[in-house]
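Structure first, then comments.
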Amino acid sequence: MSKVLTTFRADHSLDVYIFGLVALIMLMISGSAHALPTFARQTGQSCVACHAGGQYPELTPYGRLFKLTGYTLGERPAVPLSVMGVASYTKTINADPSSDFPKNAAALFQTGSVFLAGKITDNIGMFAQATYDNYANQDPNTNQWSGHSHSDNIDVRYSDRFISSGSDLIVGLSLNNNPSVADVWNTAPAWIQYVPTKFGYTGASAAPMMSQLGQQVAGLGAYVFWNKTLYAELSLYQTAKGAFTILKSGNDIGNRLSGSNPYWRLAASHEWGPHNMMVGMFGMNADVYPDPTNPTGPTTHFRDRGIDAQYQYLLDDHTFTAQLSYIRESSNGGDVTGVASNSSNTLNQLQIKGSYIYRAKYGGSFTYRQSTGSSDATLYAGLQDDGTGTGNMIPIPGSGSITNNPDTRILIPELFWMPVQYARVGLQYYKFNRFNGASSNYDGAGRNAKDNNTLFVYVWAAY
């Protein structure tokens, strides 16, 4: 299914309040080089204890243990608040003026978040994020942008730990709003991409359904972690409603689920010396209404299945991480009018990433992403009505697929520098070898995949 670009309905008073709070707190702490975010204040540990090379959000074994025990290690913080902000500069080689990314070659404050996070009781903790997007909505008449705040990732946990001479068992419950956000490895769909930007062609045109449900759903899951070796999780997700509406507050529903939809996760991990490794699998079944504003009638059934692996080397000055994730999605919805041309379709997503960090200060990464799948004239449309009322069809400039295929392949080298704790300056380059099914003239209007090559420079700070 084509990735849904989310728009938001603004509550301007709330927008101003959250944005003002982010700005005020960041101004107050800008001169404090030794301040630590709320989890670090709670545990008394530095950032490198929980995050590989100090690089958020990638977790170390200690960071994974902290999350699995419900964010409860350490003392309850007096002020369980943190903030984060991203400023960026994006330059697409040949920006398409008809696209949804008009802020080309402009330095801007992109987004800011407030986090309410930490220990509540000895067994209950939480991670809750509210985000302000400075360029959330564009007026179709004036083309002016406006900002908006919304609920972001939320994870509230209950956990307990049972330790004996030969066993270490962690059990827990997670209430969250994003399938796989409860995961502790950065190969999960909710965590594998970081420092996101909504400007430039920095992503494929299609994504598995489980990657599209974040901040729209409410899920309750149970998990176990035995002897720091075997992990299992089972969760059920519904579209957030009633008392759980806060989990999707500020977000329009792009995909509305029917009933309860299962997500599961299995993983085996091992630690030896400075090394740790994980191999795993995960999956989700989702029944989605074709029209999110009219949740009646037949649904499209999505079946996502994934395998993943992660290796880390953590020793003194050196941090190395390698990650692999592969998801195969099958969908059946050709009998639902307007959803797909085929009675069934497949979508495959592969992501491979390697990163190295020296002294938690200098680093780089290299990522390869690939999306492939079956051709479908409705899911990956290449033509549109010219609007003259004659039925004449013309190419869709920029985003259309003349082959009706999602095949997209991207190489992403990155360099970054962390001058102080919780601040990162980075440079990423998105090099497209294929886009929407072809390397040249993919939209039928003369646009080539390399026209979407994008430079992304960012400053990311947290407290």
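The values are calculated or read from the model by the stated rules, or taken from the named source; none is laboratory data. Just so it is clear, the model here is predicted, and its values are computed rather than measured. Cβ coordinates were reconstructed from backbone atoms using ideal geometry, including for glycine residues, and neighbour counts include every protein chain displayed. The protein model used for the area step is the full one, side chains on, heavy atoms only, and it has no ligands, DNA or RNA in it. Shrake-Rupley method; radii C 1.70, N 1.55, O 1.52, S 1.80 Å.
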**Prompt:** Does LEU415 satisfy the condition of being over 27 Å from ASP291 (Cβ atoms) and either at pLDDT 95 or above or touching a Gly at 6+ places or on another chain (Cβ under 9 Å) (or both)?
**Reply:** yes
Residues in region 275-317 that are more than 25 Å from the chain's Cα centre (by Cα) and either within 21 Å of LEU220 (Cα to Cα) or acidic (Asp, Glu) (or both) total 2
Residue count, region 382-402, condition assigned to a loop (DSSP other than H, G, I, E, B), surrounded by fewer than 16 Cβ atoms within 10 Å (Cβ to Cβ) and not charged (D, E, K, R), comes to 6
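Have a look at TYR358, TYR362 and point out the one that is in contact with a Phe, Trp or Tyr (Cβ under 9 Å, 6 or more places away or on another chain), in contact (Cβ under 8 Å) with a residue 40 or more places away in the chain and among the aromatic types (Phe, Trp, Tyr).
On the way: TYR358 fails: in contact with a Phe, Trp or Tyr (Cβ under 9 Å, 6 or more places away or on another chain).
Only one candidate qualifies: TYR362.
Evaluate the following for ALA340: is it exposed (fewer than 15 other Cβ atoms within 10 Å of the Cβ) and in contact with a Ser or Thr (Cβ under 7 Å, 6 or more places away or on another chain)? Even if it seems obvious, please write down each step before you answer.
Details: exposed (fewer than 15 other Cβ atoms within 10 Å of the Cβ): no; in contact with a Ser or Thr (Cβ under 7 Å, 6 or more places away or on another chain): yes.
Spelling it out, it is not the case that ALA340 is exposed (fewer than 15 other Cβ atoms within 10 Å of the Cβ) and in contact with a Ser or Thr (Cβ under 7 Å, 6 or more places away or on another chain).
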Within region 290-332, the residues that are in contact with a Pro (Cβ under 7 Å, 6 or more places away or on another chain) and not charged (D, E, K, R) are THR300, TYR313, LEU314, LEU315, ILE327
If we keep only residues of region 403-447 that are farther than 19 Å from LYS353 by Cα and without any contact (Cβ under 8 Å) to a residue 24 or more places away in the chain, then the residue surrounded by the most Cβ atoms within 10 Å (Cβ to Cβ) is SER439
Scanning region 120-156 for residues that are touching a strand residue (DSSP E or B) at 6+ places or on another chain (Cβ under 8 Å), farther than 19 Å from PHE109 by Cβ and modelled with pLDDT under 85 gives ASP139
So, first residue farther than 18 Å from LEU175 by Cβ in region 243-263, second residue among the β-branched types (Val, Ile, Thr) and buried (at least 16 other Cβ atoms within 10 Å of the Cβ), Cβ within less than 7 Å, six or more apart or across chains; the pairs are ASP252/THR6; ILE253/THR239; GLY254/THR6; ASN255/VAL288; ARG256/THR239; ARG256/VAL288; SER258/THR299
The lone condition TYR368 fails out of (1) within 27 Å of the chain's Cα centre (by Cα); (2) surrounded by fewer than 19 Cβ atoms within 10 Å (Cβ to Cβ); (3) part of a loop (DSSP other than H, G, I, E, B) is (3)
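Conditions tested, residue by residue: (1) part of a loop (DSSP other than H, G, I, E, B); (2) open to solvent by 30 Å² or more (accessible area, probe 1.4 Å); (3) of a type in the set (S, T, N, Q); (4) closer than 26 Å to GLY250 by Cα.
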| position | (1), (2), (3), (4) |
| --- | --- |
| ARG64 | no, no, no, no |
| ALA87 | no, yes, no, yes |
| ALA117 | no, no, no, yes |
| ASP122 | yes, yes, no, no |
| ALA128 | no, no, no, yes |
| ASP133 | no, yes, no, yes |
